[in-house]
Amino acid sequence: MERKTHAAPESFRPYWPEAFVVLSLAVCGLAPWHPQAIFWGGLPLAFALFCVTSLRPARTAGIALAAALAMAVSTGLPRFEHTGAVVPFALLFAVAWAVGFAVGQRRRYLHTLVRQERDRADREAAAERLRIARELHDSIAHSMSVISVQACFGRLVLDDRPQDARSALEAIETTGRETLVELRRMLGVLHDDTHDAGLAPTPKLADLNRLTERTRRPGLRIDLAITGHVRPLPPGLEAAAYRIVQEALTNVVKHADASNAHVTVAYGPGELTLTVTDDGSIRPAPGRTGRGLPGMRERLALYGGILQAGPAATGGFRVRASIPVDGPQPSAAAR
């Protein structure tokens with residue numbers, strides 16, 4: 001729209017405004033021999049001043065104005081016939097310069113606004129890409145880890161313990177189906193962000209039972225305990241808390257040879273505390289490039305939370321996240 005608005009005026013501007021100024025001054029310079037030259041060159045010179053001032057830097061515009069005023073004053077010398085044109089032409093040049101300066105300032109202001117809007121859109125797009133990447137990591141990566149572990153376990157016990165293998169296959173089926181629904185939901189949001197993609201609700205703390213059931217496998221027991229006064233929390237905060245527990249359980253499945261894991265959700269007066277512990281051994285993953293713990297810290301930072309992760313005093317690994325529940329909530333763009 002803005003391009004159409006400015007296209008018409010720009011089509012009348014000379015391609016080389018400086019050359020137009022020089023040419024107009026040269027025509028005016030013929031005034032000693034042709035007195036009418038001051039009129040032939042004066043009006044084009046005023047238009048050239050307007051173009052230079054609106055299109056070029058202030059220094060160039062100032063030089064052009066000084067040259068035009070000097071030319072106008074020179075016509076007042078006694079040997080020139082049209083000495084009465086000094087003041088009108090000087091005023092004409094000054095007005096043309098002032099109008100061009102105002103137009104140039106407005107044009108630069110509009111360009112600044114467009115650039116700022118483009119930068120803002122780029123920042124929002126980057127934030128959205130980061131949010132989507134975090135969602136993919138927290139949801140899809142967790143599900144794929146569960147499927148991989150269950151498939152490996154099912155293959156190992158297929159001959160000796162077919163019932164356990166059947167349970168592993170059922171877990172793979174359930175996890176794959178839920179992952180597909182979650183993936184469709186995220187793709188729906190990407191495809192059309194003007195409508196709520198209702199294929200799957202935003203995860204919340206009430207879904208932790210289902211999460212632990214899905215993650216549990218033969219040889220890995222997961223207990224869930226909820227303490228304190230259970231109450232509704234902001235949807236964004238509940239989703240973040242769910243993802244933190246999900247990522248902590250993903251790390252238990254992928255990086256710890258654990259047989260037991262404990263998830264505790266504690267509702268305090270002004271704080272929500274999430275604790276995930278296991279009794280496994282910490283196995284370093286060579287070349288690991290995941291974003292588990294950094295992703296948790298980024299989520300918690302949005303809500304002013306704190307993450308503590310490290311070996312537990314009784315062995316195994318412990319992840320503890322504290323989130324204030326009475327503080328300000330992040331904006332939608334930050335989420």
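Just so it is clear, none of the values below were taken in a lab; they were calculated from the coordinates. Values in this document were obtained by computation on a predicted structure and should not be read as measured data. Glycine also receives a Cβ, built like all others from the backbone with ideal geometry; neighbour counts cover every protein chain displayed.
Modelled this way, with points 7 Å down the Cα-to-C-beta line, the labels at V230 and D119 are 4.9 nm from one another. Estimated at 0.36 nm per residue, the fully extended path between E298 and A102 surpasses their Cα-Cα distance by 65.9 nm.
In this calculation the C-beta distance from R184 to K204 is compared with R0 = 22 Å, giving a FRET efficiency of 0.70.
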